[in-house]
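J.: Here's a structure for you.
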Amino acid sequence: MFELLVDIWGFMKERKKFWLAPLIIVLLLLGGLLVLAQGSAVAPFIYTLF
């Protein structure tokens, strides 16, 4: 997992695509929210957002 992050950072650094960093962070946070809320009582409320 750490190697993947290093590769992504190297790509952004090489190609000057630092605008991708906030996009990737938001996608990871949303994915984590969905995974954590899948088994809880909050899940129906989160799924209505999407």
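The values are calculated or read from the model by the stated rules, or taken from the named source; none is laboratory data. Please read these numbers as outputs of a predicted model, since none were measured by experiment. Every residue, glycine as well, gets a Cβ built from its backbone with ideal geometry; the counts of neighbours run over all protein chains shown. Areas reflect the complete protein model, heavy atoms only, side chains present, ligands, DNA and RNA absent. Shrake-Rupley method; radii C 1.70, N 1.55, O 1.52, S 1.80 Å.
J.: Output the residues belonging to the stretch 24-38 that are closer than 18 Å to L49 by Cα and either within 11 Å of the chain's Cα centre (by Cα) or open to solvent by 80 Å² or more (accessible area, probe 1.4 Å) (or both). Lay out the reasoning, then the answer.
T.: Step one: of the stretch 24-38, the residues closer than 18 Å to L49 by Cα are 26-38.
Listed by number, the residues that qualify are V26, L27, L28, L29, L30, G31, G32, L33, L34, V35, L36, Q38.
J.: Which numbered condition trips up F18, out of (1) open to solvent by less than 70 Å² (accessible area, probe 1.4 Å); (2) touching a helix residue (DSSP H, G or I) at 6+ places or on another chain (Cβ under 6 Å)?
T.: (1)
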